[in-house]
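Can you keep this structure in mind? I'll have questions shortly.
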Amino acid sequence: MEEVLCCHTCGLAQKVALPESGAGRSVAICPRCGSVVSEHKVSSVIPTAALSLAALVLYVPANLYPILHMERYGLVSDTTVWEGVAELMRQGYWFVALIVFLASIVQPLLKLAALFFLCVTAAAGSRRWRRLRTRLYQFIELIGPWSMLDVFLLAILVALVRLGALATVTPGPGLGAFTGVVVFTILASAMFDPKLIWQSRYDPQRTVAA
């Protein structure tokens with residue numbers, strides 16, 4: 001089966017042969033600019049669900065364990081993500097606290113819940129809420145760059161540089177868990193094939209392995 005698609009990079013209209021049922025992973029490349037025009041991912045539901053589950057498991061220690069451990073003149077201080085948000089609020093930085101709260105606590109949880117929902121409905125071959133599920137996937141792609149990993153790494157670097165002579169600052173176990181959450185969530189989002197949303201259980205071209 002062939003479809004006429006336009007390249008998102010150069011705009012060239014071209015015929016693309018869609019894979020038949022049971023075909024492996026295939027990618028259509030634009031002959032003019034070399035960009036990916038269409039990509040078919042077989043059985044992407046299980047890897048997406050597995051990566052989302054791994055991120056969800058790490059989400060708990062990422063928010064319970066401290067991300068920074070500081071020792072100064074015999075005093076030990078551990079800071080978690082929520083304690084950082086609370087401290088920003090106490091200092092009057094409400095807008096910054098809100099951004100950190102949404103990007104570090106709310107956004108990962110909502111994104112993982114949305115990915116699980118897409119995986120379950122795609123594996124079941126559901127025909128319901130297809131437009132809503134497509135917009136949900138687009139929303140996941142939109143909020144994907146809003147991760148706070150780079151902010152945490154910058155905060156640790158600043159702390160090491162400015163407090164190195166006065167205190168000992170080391171990353172806590174929560175930072176490693178949070179890094180895992182960000183990485184696994186990005187991989188899960190990249191693994192999911194949105195074309196599965198529009199394939200039903202009785203579609204002859206359906207290639208989802210539930």
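The values are calculated or read from the model by the stated rules, or taken from the named source; none is laboratory data. Quick caveat: nothing in here was measured; it's all calculated off a predicted structure. FYI the Cβ positions are ideal-geometry reconstructions off the backbone, even for glycines, and counts take in every protein chain you see. Areas reflect the complete protein model, heavy atoms only, side chains present, ligands, DNA and RNA absent. Shrake-Rupley method; radii C 1.70, N 1.55, O 1.52, S 1.80 Å.
Which count do you get for residues in segment 91-115 that are open to solvent by less than 20 Å² (accessible area, probe 1.4 Å) and of a type outside the set (S, T, N, Q)?
The qualifying residues number 7.
Cβ-Cβ below 9 Å, separation at least six or inter-chain, first residue in segment 128-145 and free of Cβ contacts under 8 Å to residues at least 24 places away in the same chain, second exposed (fewer than 14 other Cβ atoms within 10 Å of the Cβ) and in a loop (DSSP other than H, G, I, E, B): which pairs?
So the pair list comes out as L136/W129.
Matching residues to (1) part of a loop (DSSP other than H, G, I, E, B); (2) at pLDDT 80 or above; (3) farther than 15 Å from K195 by Cα:
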site	(1), (2), (3)
L115	no, yes, no
V120	no, yes, no
R128	yes, yes, no
L132	no, yes, no
F139	no, yes, yes
F152	no, no, yes
V158	no, no, yes
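Spot the failing condition for A122; the list is (1) under 16 Å from the mean Cα position of the chain (by Cα); (2) of a type in the set (A, V, I, L, M, F, W, C); (3) crowded, with 18+ Cβ neighbours inside 10 Å, and only one is missed.
(1)
To keep it simple, each residue is scored yes or no on (1) farther than 28 Å from L142 by Cα; (2) of a type in the set (D, E); (3) modelled with pLDDT of 80 or more; (4) in a helix (DSSP H, G or I).
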site	(1), (2), (3), (4)
L5	no, no, no, no
K15	yes, no, no, no
S43	no, no, no, no
M70	yes, no, no, no
E87	yes, yes, no, yes
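Moving on to the next point. For G74, state whether it is among the small types (G, A, S), open to solvent by 70 Å² or more (accessible area, probe 1.4 Å) and either modelled with pLDDT under 85 or within 17 Å of L175 (Cα to Cα) (or both). Give the steps one after another, and end with the answer.
Numbers: among the small types (G, A, S): yes; open to solvent by 70 Å² or more (accessible area, probe 1.4 Å): yes; either modelled with pLDDT under 85 or within 17 Å of L175 (Cα to Cα) (or both): yes.
So G74 fits the description; yes.
Continuing with the same structure: If you go through segment 85-93 one residue at a time, do you hit one that is in contact (Cβ under 8 Å) with a residue 40 or more places away in the chain and within 22 Å of the chain's Cα centre (by Cα)? Break it down stepwise before answering.
Let us first name the residues in segment 85-93 that are in contact (Cβ under 8 Å) with a residue 40 or more places away in the chain, namely none.
The answer is no, given that none of the residues of segment 85-93 is in contact (Cβ under 8 Å) with a residue 40 or more places away in the chain and within 22 Å of the chain's Cα centre (by Cα).
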